[in-house]
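Notes follow the structure.
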Amino acid sequence: MDKTALLHVTVEGKEYSYPLGTPYQTIAADLQKNYQYDILLVNRDGKLCELHKLLDRDCTLKMVTAEEKPGMQTYERSAVFLMLKAFYDVAGRENVERICVEYSISHALFLRAKGRFTLDQALLARVEARMRELAAQAIPIRKQSVSTDDAVALFAQKRMPDKARLLSFRINSHVNIYSLEEFSDYFYGYMVPHTGYVTCFALELFESGFVLRLPAQGSPRQLGDFCPSMKVFRELYDATLKSEALCVSNVGELNETISRGNATQMILAHEAMMEKKIGDIAQEIAARKDVRFVMIAGPSSSGKTTFSHRLSTQLLACGMRPHAIATDNYFKNRAETPRDQNGQYDFESLGAMDVQQFNEDMTRLMRGERVELPQFNFKKGIREYAGNYLTLGPQDILVIEGIHCLNDRFSYSLPRQSKYRIYISCLTTLNVDDHNRIPTTDARLLRRIERDARTRGYSAQATIRMWPSVRRGEERNIFPFQDSADVIFNSALIYETALLKPYVEPLLFGVPRDCEEYLEAKRLLKFLNYFLPLPADDVPKVSLLREFIGGGCYQV
């Protein structure tokens, strides 16, 4: 094509002309005045592109800022890169053994650092000052395609064995390496063009490591509130130590375990750890003589149903007689269900539940009365009674599962000492490598895509489309109450993404390229490409993962 040719670019319905080879950064700069926040990426006809890329066709562009998920992920990734460069500059590369981005907590990333230095607030202050110095210089972040073999050798030489191991399992002949001056690293995802885009951050000492504080997605120019759930953090930290004990703390180590034929032992060991935890919870419940109600809540695809069954088995082993109560049976009749701002039924709000009837029934059961329990008919949208009576004896205990179970307004009439509250969530601690974390929401989304397809006939596109609404409901109805739990149960299994890969990949490939959900499907496909597949043959029938892939011994 003639390099002097003008190409047509459409942005928000307006048409512009730019020469062939114009960087998207130039176009973004011309249009920045129309946007409140910095443009970090462009969406070209459904494909995300970094701003250093060159215009090579007529196209429609959508500007992406940190108000949107891909933009915020790009900002976070770039901030991590900037922090790593600054940390190595301040501490000295020869003194840094390892810096590991562990997980996200309350608008921040928790990191651990190891080497010949003292990790204190004074060191972090120097690192943060260096970050701001680099940001002020607007240093270009360069992207280079190198052969995979050269990348493996590079990271082995730079004492980053996690990256060398990860890339040794890549089939692609080339990989992209990012460089900031002389500092090079490998990242899963996109970057901003230069350090001047990263201006909102802070470093603070926290527990055994430190946190990189970042903006909230809706407010990219101010730090998000840092109010971490310490119960969730300690559960994440405990899971990290268990993963390290199994020598599987990142994808490279997981792939190595699978390729060497050691997956069965890993599966059974992690399942045994989980069963022990469930047994310990059952013993604690049995020791509390006043407890009559086990209240279980957690976000979507945490494995609540299978966990309830396994806990009931352990309670039986402790000499108790558990009875399952599904709070879904206490939905209000459809005609009384509240609607959301879009006019849709809001089944996730507390207002959708017949709270008064639930409390009356549970109070009567606690008094030893015989109570007829309802069954909700979802087809008719009404509660029905079909002679399902229950009376509680001395050893009987109710195992109740539902999104509002940790909210005292849902069980207002039940004495605090009669309730044992459990928060369950899939708290992933396995990371791609030391600098590329795996969000816990990704693990739950993969679970849900497979379960929705298998049990409800939903496409991956439909599940991805619904996911933001599901997440908003969790933020409103579940996460605010997680710290009120007596115990937090982590349902994440270290091998699950490798197991889910053969199930979920075909579903994601079925998402049409011309729909909004394709960007998320493509991101997940790229993510799954890091994992070797793992067959389900050795996964126990009681495993929480059976709730999603099928073949379990429980009716879910």
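Considering region 456-497, and only residues there that are assigned to a helix (DSSP H, G or I), touching a Gly at 6+ places or on another chain (Cβ under 9 Å) and over 30 Å from ALA272 (Cβ atoms), the residue that is least open to solvent (accessible area, probe 1.4 Å) turns out to be ALA460. From the list ALA29, ALA5, the lone residue that is farther than 14 Å from VAL192 by Cα and free of Cβ contacts under 8 Å to residues at least 24 places away in the same chain is ALA5.
If I go through region 498-518 residue by residue, how many of them are part of a helix (DSSP H, G or I) and either free of Cβ contacts under 8 Å to residues at least 12 places away in the same chain or touching a Gly at 6+ places or on another chain (Cβ under 7 Å) (or both)?
Summing the residues that are part of a helix (DSSP H, G or I) and either free of Cβ contacts under 8 Å to residues at least 12 places away in the same chain or touching a Gly at 6+ places or on another chain (Cβ under 7 Å) (or both) in region 498-518 gives 2.
Being open to solvent by 30 Å² or more (accessible area, probe 1.4 Å), more than 23 Å from PHE87 (Cα to Cα) and out of contact with any strand residue (DSSP E or B) (no Cβ under 9 Å at 6 or more places or on another chain) holds for only one residue in SER145, SER168, and it is SER168. Summed over region 194-251, residues that are among the small types (Gly, Ala, Ser) and assigned to a helix (DSSP H, G or I) total 4. Quick check: is even one residue across region 348-356 part of a helix (DSSP H, G or I) and modelled with pLDDT of 95 or more? The answer is yes; a qualifying residue exists.
From the set of residues in region 276-334 that are of a type in the set (Val, Ile, Thr) and part of a helix (DSSP H, G or I), which is surrounded by the fewest Cβ atoms within 10 Å (Cβ to Cβ)?
Going residue by residue through region 276-334, those that are of a type in the set (Val, Ile, Thr) are 278, 281, 285, 291, 294, 296, 305-306, 313, 325, 327.
Retained after the next criterion (residues that are part of a helix (DSSP H, G or I)): 278, 281, 285, 305-306, 313, 327.
Working: ILE278: 19, ILE281: 21, ILE285: 22, THR305: 18, THR306: 21, THR313: 16, THR327: 21.
Across region 276-334, the extreme among qualifying residues is THR313.
For residues that are within 15 Å of THR26 (Cα to Cα) and of a type in the set (Asp, Glu), scanning just region 40-56, find the one that is least open to solvent (accessible area, probe 1.4 Å). Looking at the filtered set, the residue picked out is GLU50. Among the residues of region 57-66, those that are open to solvent by less than 90 Å² (accessible area, probe 1.4 Å) and in contact (Cβ under 8 Å) with a residue 40 or more places away in the chain comprise ASP58, CYS59, THR60, LEU61, MET63, THR65, ALA66. Among the criteria (1) part of a loop (DSSP other than H, G, I, E, B); (2) free of Cβ contacts under 8 Å to residues at least 60 places away in the same chain; (3) touching a Phe, Trp or Tyr at 6+ places or on another chain (Cβ under 9 Å), the one SER106 does not fulfil is (2).
So ASP537 fits all but one of (1) open to solvent by 60 Å² or more (accessible area, probe 1.4 Å); (2) touching a residue at least 40 places away in the same chain (Cβ under 8 Å); (3) farther than 28 Å from ALA79 by Cα; (4) touching a helix residue (DSSP H, G or I) at 6+ places or on another chain (Cβ under 9 Å); what number is the exception? Condition not satisfied by ASP537: (2).
If the condition is being surrounded by fewer than 19 Cβ atoms within 10 Å (Cβ to Cβ), outside any loop (DSSP other than H, G, I, E, B) and in contact (Cβ under 8 Å) with a residue 40 or more places away in the chain, then region 171-193 contributes TYR178, PHE183.
The values are calculated or read from the model by the stated rules, or taken from the named source; none is laboratory data. Values in this document were obtained by computation on a predicted structure and should not be read as measured data. Please note: Cβ atoms are built from the backbone with ideal geometry, for glycine as well, and neighbour counts cover all protein chains shown. These accessible areas exclude ligands, DNA and RNA; they are computed on the full protein's heavy atoms, side chains included. Shrake-Rupley method; radii C 1.70, N 1.55, O 1.52, S 1.80 Å.
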